[in-house]
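Report on the structure given below.
The values are calculated or read from the model by the stated rules, or taken from the named source; none is laboratory data. Since we're looking at a predicted model, the values are computed, not measured. All Cβ positions, glycine included, derive from the backbone under ideal geometry; neighbour counts span all protein chains shown.
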Amino acid sequence: MDIKKIRELVDLMEEKDLLTLEYGHDDKYISLTRNTGVQTVAAPQVAAPAAAAAPVAKTPSGKLETSPMVGVFYSAPSPNDPPFVKVGQKVEAGDTLGIIEAMKIMNPLEATQSGIIEEILVSNAEVVEFGQPVIRYKA
């Protein structure tokens, strides 16, 4: 991979305000991480009084479909078209769930499993990170 391509990737990270970027082509692979200089400090935890404790929320269950790359998620082929999938829809492995645009290339996000869509976790035109959950299937 040449330095010009790496500079283009760094420029893309700055333009889209990305913290990490992974790119692979043929047998070459690069992973870039931007140092923002921001440090996080843990706030002290305060225990709530027992009488005021709220009921514990149920953690959503079901398998997840995650983004295979960093890019922009699109739920439909074009702005005037209906979305690829909707909540409650049954999908089969290999069905297109959306598109992820990376480096001006439209990459289909395909279902890796069959199931019923319980929740779409990202909005149309939202930037997604590598490994970020995009779709939740019913358990």
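Here is how the numbers come out for the structure above:
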| item | result |
| --- | --- |
| Condition met for PHE84 (touching a strand residue (DSSP E or B) at 6+ places or on another chain (Cβ under 7 Å), at pLDDT 95 or above and not aliphatic (A, V, I, L, M)) | yes |
| Residues of the stretch 81-139 that turn out to be within 28 Å of LYS5 (Cα to Cα), loosely packed, with under 14 Cβ neighbours inside 10 Å and β-branched (Val, Ile, Thr), as a count | 1 |
| Residues that are surrounded by 12 or more Cβ atoms within 10 Å (Cβ to Cβ), assigned to a loop (DSSP other than H, G, I, E, B) and among the hydroxyl-bearing types (Ser, Thr, Tyr), drawn from the stretch 59-80 | SER67, SER75 |
